[in-house]
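**Q** I have a structure here, written as structure tokens, and I will follow up with some questions on it.
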Amino acid sequence: MLALRTPGLRLALRRAGAANTSSRLRPFQSLAPLQRSVQTQSVAPAASEAILNAQRLRRPSSPHFTIYQLQVQMYMSIVNRATGGALSAALYAFSLAYLAAPVVGVPFDTAHIVEFVQTLPEWAKYGAKGALAFPFAYHSISGLRHLTWDLTKMMTVKAALRSGYVVLGLSAVSTVGLMLM
Amino acid sequence: MATVSTHAFRRLAAVHGNRPLALAAARFHSGRPSHVAKSPAPRKDTPTYVPGGPILLGTVNDPTTFPPPSKSDGSHHWAFERLLSATLVPLTVSSFVLSSSPYPVLDGLLAVSLVVHSHLGFDQIVVDYLHPRKFPILGRISAWGLRLLTVGTLVGVYQFNTEDVGLTELIKRVWQA
């Protein structure tokens with residue numbers, strides 16, 4: 001009999017055979033011991049979301065961001081955001097420092113700033129000018145490119161690539177021009 | 001002598017009232033023969049199937065909710081942002097061209113436009129990377145903290161432009177220092 005070869009059922013079959021007094025096993029008699037008992041666990045309904053989120057974390061996702069070849073437009077887009085964020089952070093920091101300076105006791109006004117900049121060596125001055133000029137030039141010219149997209153112009157891949165190179169070239173030239181002023 | 005076809009034809013004629021065109025059409029009709037009884041009406045105790053609904057909510061499998069569509073949050077916000085960015089171009093250019101002598105009103109306009117433009121940009125960053133749907137506490141703290149910082153920056157920029165020399169003059173002096 002095939003059931004005898006199944007591991008784990010031998011004990012159950014022996015028990016069923018011992019309970020059966022007649023020599024023949026009638027059909028469907030005491031099949032309950034032949035089934036394995038399933039363990040269940042009570043879980044509160046509120047835990048269902050946690051279980052679902054835990055399961056979602058375990059599920060695989062097909063590769064997307066890691067396999068796409070990075071394009072220059074992607075870099076330019078994130079650099080546009082980064083430069084804008086950096087310039088805005090500088091503006092916020094400057095304004096809030098100007099407000100907080102009398103409270104803290106540190107002198108912070110135009111005269112002191114200009115005095116401090118005059119004490120810096122030449123390379124630091126050019127470095128600071130470059131650090132301010134490049135984000136400003138790049139963000140402005142890339143912003144113009146973004147505004148042309150908002151007017152639904154130059155929205156093909158070729159046009160985006162070409163305008164991107166134009167932006168890079170113009171911002172490099174503008175940065176050098178601003179640094180030399 | 002009545003054949004099978006004339007017998008069927010007479011039955012069809014009885015149903016369609018002897019109208020010639022209807023009779024002719026009924027002979028070629030590919031639908032159910034008219035002498036077959038209609039199927040019984042559906043039982044009332046089973047719910048009627050409504051394609052696309054009803055949807056039972058309240059489980060973990062609910063779809064994500066979307067904010068109610070509003071023009072102030074959507075199209076007007078977008079248009080304002082682009083218009084502000086566009087006006088910043090002539091503002092900065094004119095501030096640069098006229099930087100030889102101070103113009104307080106232009107300084108004020110430039111400062112306010114820059115701060116509002118910065119706030120819109122930062123808000124986009126917060127919405128993109130710290131959305132309240134995924135970061136319920138940190139996202140809300142960031143959004144409201146940004147608003148607080150923007151208000152502080154507006155006050156600071158106003159103070160600087162009124163008490164001190166102004167933004168364009170400061171940049172000009174630092175650049176030529």
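The values are calculated or read from the model by the stated rules, or taken from the named source; none is laboratory data. Note that the structure is a prediction, hence the values are computed from the model and not measured. In this analysis, Cβ positions are derived from the backbone assuming ideal geometry, glycine residues included, and neighbour counts consider all displayed protein chains.
**Q** Which members of segment B:46-87 meet the condition of being within 14 Å of chain A (Cβ to nearest Cβ), small (Gly, Ala, Ser) and closer than 17 Å to residue B:127 by Cβ?
**A** Answer for segment B:46-87, where residues must be within 14 Å of chain A (Cβ to nearest Cβ), small (Gly, Ala, Ser) and closer than 17 Å to residue B:127 by Cβ: just B:75.
**Q** Further question: Wholly within segment A:39-135, which helices (runs of 4 or more DSSP H) include no fewer than the required count, namely at least 1 residues that are in contact (Cβ under 8 Å) with a residue 12 or more places away in the chain and under 18 Å from residue B:157 (Cα atoms)?
**A** In segment A:39-135, the matching helices (runs of 4 or more DSSP H) lie at A:72-104.
**Q** Out of contact with any Cys (no Cβ under 6 Å at 6 or more places or on another chain), within 28 Å of residue B:177 (Cβ to Cβ) and either aliphatic (A, V, I, L, M) or assigned to a helix (DSSP H, G or I) (or both): is that true of residue A:160 in this structure?
**A** no
**Q** Another question about this same structure. When segment B:50-76 is examined, which residues are found to be farther than 30 Å from residue A:49 by Cα and in contact (Cβ under 8 Å) with a residue 40 or more places away in the chain?
**A** Within segment B:50-76, none qualify.
Residue by residue, here is whether (1) more than 9 Å from chain B (Cβ to nearest Cβ); (2) of a type in the set (Gly, Ala, Ser) holds:
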residue: A:74; (1), (2): yes, no
residue: A:96; (1), (2): no, no
residue: A:100; (1), (2): no, yes
residue: A:131; (1), (2): yes, yes
residue: A:155; (1), (2): yes, no
residue: A:165; (1), (2): yes, no
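**Q** Here's something else I'd like to know. For segment B:60-177, which fully contained helices (runs of 4 or more DSSP H) count at least 2 residues that are modelled with pLDDT of 95 or more, surrounded by 11 or more Cβ atoms within 10 Å (Cβ to Cβ) and under 23 Å from the mean Cα position of the chain (by Cα)?
**A** Details: elements: B:75-97, B:104-129, B:136-163, B:167-175.
In segment B:60-177, the matching helices (runs of 4 or more DSSP H) lie at B:75-97, B:104-129, B:136-163.
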